[in-house]
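Peer 1: Dropping the structure in here first, questions after.
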Amino acid sequence: MTLRNYDIAELRRLDVAHHLPAQQDYRLMEELGGSRIITRADGCNIYDGDGNALLDGMAGLWCVQVGYGREELAKAAYEQMIELPYYNTFFKTAAPTTVMLATKIAELLGGNLQHVFFNNSGSEAVDTVLRLARYYWQAKGEPNRSIIIGRVNGYHGSTIAGASLGGMKAMHEQGGPWVPGIEHIMQPYPFGEAHGEDPAAFGRRAADALEARILEVGPENVAAFIGEPVQGAGGVIIPPETYWPRIQEICRKYGILLACDEVICGFGRLGQWFGFQHYGVQPDLVSMAKGLSSGYLPISAVGVTDHIVETLKAKGGDFVHGYTYSGHPTSAAVALKNIEIMEREGLVERTAKDTGPYLAKALAELANHPLVGEARSLGLIGAVEIASRKGTNERFGAPGTAGLMVRDLCIKHGLMVRGVRDSIVMSPPLVISHAEIDRLVDTIRVALDEAEPQLRALPAAA
Ligand SMILES: Cc1ncc(COP(=O)(O)O)c(C=O)c1O
């Protein structure tokens, strides 16, 4: 492979002049002189145009399960593009890879989740969940059931529907009005919101907030509950084991659809193909994206349970929903090959039995660091909470100060991670080795050591 020779300084200038990157402060981007230009990647490493190599502790954006540089995936795309690069599913038509991928996803989902609707992004998958949930209740003759309940600090994407269902304060503060008929309940965030409380009891308490809200708005008005098995973008919030079974119990009690947003948790992240399988619950709708194709091409899907599809069939008529690229044959070919690689290399099992526990052990040691309030993980997703006083969840200075500082120091020392408020979150490729996990955790330790004097010099948080 010959590497292309880019003029990085010129690209950064053009980046400021013409490119609006996702979720950024454009004035800050100008002050910084443009984006870091990532020019190539292999395995678990990314390389920027200034010659820096970084260990990718985020698998891109929680998505590159099989790591970078997989020729098999490039070949799958190439072969499909030669044969049939594109066709749609609007005209009572489908491409072979589209059907094969739906079948494979149904197999991985198991149980009654035997139907799959394709989209391009996680946000679009969430739109599909919303439309399908509401249409299902109309088709069943209960059109009043339109309310969808999500959670504070949940993340379901950036389209209007995704942002409305999500509980991200910063998003809700920009724009609106949002999609009506959406409610948010508390999140199951033990470190942030129940420090010192018995986790099992807190898990039940957080889930009971769903029942309270259902009763408040009237069960006859509620269509569905949606949640990420583990909240990713919200800061890797791992609920107590009591949480999801209780949520399921409440949904069943009131006949409400249970939707799991598996855009991050799906495809092995928690050590099972899907997060709901880890928690032992049976959702009616499952959104997925990211790891489905390891991010090599955009594709997302929604797993739909038999009884929903049977209801739509009984009603008859079109489900008037779908995208030009729903079931894109090339994206589907890449996703199929990606799943084949994951199965062949046993990446899901390895996450559950080997690398996941290895990361957990390394984080448990890091938890002794004087700046660490909690270091938690499940499978290959984790977070390190920075606290100003050991044994508390008190922070340094204004919210987010420590997270940003430590995140920047991690990058300086060659590790790409993300700061969410005052935690450092990680979600490395599922192919990560023990040595790379050691490097990941050691680099966070080095960054914490370096940040400590500056953080201790800050005035106490209000
Ligand atoms: C749980 C969840 N749902 C939906 C989305 C939106 O996915 P996309 O950015 O592909 O639209 C994300 C993205 O991070 C996510 O984490």
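The values are calculated or read from the model by the stated rules, or taken from the named source; none is laboratory data. Keep in mind the model is a prediction, meaning the values are calculated, not measured. Cβ placement follows ideal geometry from the backbone for every residue including glycine, while neighbour counts extend to all protein chains displayed. These accessible areas exclude ligands, DNA and RNA; they are computed on the full protein's heavy atoms, side chains included. Shrake-Rupley method; radii C 1.70, N 1.55, O 1.52, S 1.80 Å.
Peer 1: Restrict the check to the stretch 363-377 and report whether at least one residue is surrounded by fewer than 17 Cβ atoms within 10 Å (Cβ to Cβ), touching a residue at least 12 places away in the same chain (Cβ under 8 Å) and either under 23 Å from I226 (Cβ atoms) or within 16 Å of the ligand (Cβ to nearest atom) (or both).
Peer 2: No: zero hits.
Peer 1: Let me ask something else about it. State whether one or more residues within the stretch 349-360 are modelled with pLDDT of 95 or more and over 13 Å from G271 (Cα atoms).
Peer 2: No, every residue in the stretch 349-360 fails to be modelled with pLDDT of 95 or more and over 13 Å from G271 (Cα atoms).
Peer 1: Can you tell me which residue among V152, V179, V129, V116 is crowded, with 24+ Cβ neighbours inside 10 Å and of a type in the set (V, I, T)?
Peer 2: V129
Peer 1: Yes or no: Q277 open to solvent by 10 Å² or more (accessible area, probe 1.4 Å), polar (S, T, N, Q) and in a loop (DSSP other than H, G, I, E, B)?
Peer 2: Here the answer is no, as Q277 does not meet what is asked.
So that you can scan it fast, the table gives a plain yes or no per residue for (1) of a type in the set (D, E, K, R); (2) at pLDDT below 95:
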site: I38; (1), (2): no, no
site: A41; (1), (2): no, no
site: G51; (1), (2): no, yes
site: A59; (1), (2): no, no
site: E72; (1), (2): yes, no
site: A76; (1), (2): no, no
site: F91; (1), (2): no, no
site: A94; (1), (2): no, no
site: H115; (1), (2): no, no
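Peer 1: Another question about this same structure. Which of the following residues is more than 15 Å from the ligand (Cβ to nearest atom) and in contact (Cβ under 8 Å) with a residue 24 or more places away in the chain: N112, N120?
Peer 2: Of the residues listed, the single one that is more than 15 Å from the ligand (Cβ to nearest atom) and in contact (Cβ under 8 Å) with a residue 24 or more places away in the chain is N112.
Peer 1: Sticking with this structure for a sec: For the stretch 155-184, name all the residues that are out of contact with any strand residue (DSSP E or B) (no Cβ under 7 Å at 6 or more places or on another chain) and among the small types (G, A, S).
Peer 2: Matches in the stretch 155-184: G157, S158, A161, G162, A163, A170, G175, G176.
Yes/no per residue for (1) at pLDDT 95 or above; (2) outside any loop (DSSP other than H, G, I, E, B); (3) within 16 Å of the ligand (Cβ to nearest atom):
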position: R269; (1), (2), (3): yes, no, yes
position: G295; (1), (2), (3): yes, no, yes
position: V309; (1), (2), (3): yes, yes, no
position: G322; (1), (2), (3): yes, no, no
position: I339; (1), (2), (3): yes, yes, no
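Peer 1: So which of V420, V431, V446 ends up being of a type in the set (V, I, T), out of contact with any Asp or Glu (no Cβ under 7 Å at 6 or more places or on another chain), open to solvent by 10 Å² or more (accessible area, probe 1.4 Å) and closer than 16 Å to N393 by Cα?
Peer 2: V420
Peer 1: Right, next: Residue by residue through the stretch 93-109, note down the ones that are surrounded by fewer than 19 Cβ atoms within 10 Å (Cβ to Cβ) and either within 16 Å of the ligand (Cβ to nearest atom) or not in a helix (DSSP H, G or I) (or both).
Peer 2: Once the filter is applied, which keeps residues that are surrounded by fewer than 19 Cβ atoms within 10 Å (Cβ to Cβ) and either within 16 Å of the ligand (Cβ to nearest atom) or not in a helix (DSSP H, G or I) (or both), the stretch 93-109 yields T93, A94.
Peer 1: Which of the residues belonging to the stretch 13-51 are open to solvent by less than 70 Å² (accessible area, probe 1.4 Å), more than 29 Å from E71 (Cβ to Cβ) and either out of contact with any helix residue (DSSP H, G or I) (no Cβ under 9 Å at 6 or more places or on another chain) or touching a residue at least 60 places away in the same chain (Cβ under 8 Å) (or both)?
Peer 2: Listed by number, the residues that qualify are L14, A17.
Peer 1: May I ask you to list the residues in the stretch 204-226 that are in contact with an Asp or Glu (Cβ under 7 Å, 6 or more places away or on another chain) and buried (at least 16 other Cβ atoms within 10 Å of the Cβ)?
Peer 2: Those that are in contact with an Asp or Glu (Cβ under 7 Å, 6 or more places away or on another chain) and buried (at least 16 other Cβ atoms within 10 Å of the Cβ): R213, I226.
Peer 1: Separate question: Among the residues of the stretch 318-330, count how many are closer than 26 Å to K140 by Cα and open to solvent by 70 Å² or more (accessible area, probe 1.4 Å).
Peer 2: Counting residues in the stretch 318-330 that are closer than 26 Å to K140 by Cα and open to solvent by 70 Å² or more (accessible area, probe 1.4 Å) gives 2.
Peer 1: Now, a different point. In the stretch 141-176, which residue that is within 15 Å of V222 (Cα to Cα) and part of a loop (DSSP other than H, G, I, E, B) is nearest to the ligand (Cβ to nearest atom)?
Peer 2: Checking each candidate, the answer is S146.
Peer 1: Considering S331, S326, which residue is within 24 Å of N119 (Cα to Cα) and in contact with a strand residue (DSSP E or B) (Cβ under 6 Å, 6 or more places away or on another chain)? Don't jump to the end; show me each part of the working.
Peer 2: Values: S331 fails: in contact with a strand residue (DSSP E or B) (Cβ under 6 Å, 6 or more places away or on another chain).
Checking each option against the conditions leaves just S326.
Peer 1: Exactly one condition in (1) among the aliphatic types (A, V, I, L, M); (2) more than 24 Å from the chain's Cα centre (by Cα); (3) surrounded by 24 or more Cβ atoms within 10 Å (Cβ to Cβ) is not met by V304; state its number.
Peer 2: Here V304 meets the rest and fails (2).
Peer 1: What do you reckon, is T443 β-branched (V, I, T) and assigned to a loop (DSSP other than H, G, I, E, B)?
Peer 2: Details: β-branched (V, I, T): yes; assigned to a loop (DSSP other than H, G, I, E, B): no.
So T443 does not fit the description; no.
Peer 1: Continuing with this model, one more query. Filter the stretch 1-12 down to the residues that are assigned to a helix (DSSP H, G or I), without any contact (Cβ under 8 Å) to a residue 12 or more places away in the chain and either open to solvent by 80 Å² or more (accessible area, probe 1.4 Å) or charged (D, E, K, R) (or both) and list them by number.
Peer 2: The one that is assigned to a helix (DSSP H, G or I), without any contact (Cβ under 8 Å) to a residue 12 or more places away in the chain and either open to solvent by 80 Å² or more (accessible area, probe 1.4 Å) or charged (D, E, K, R) (or both): E10.
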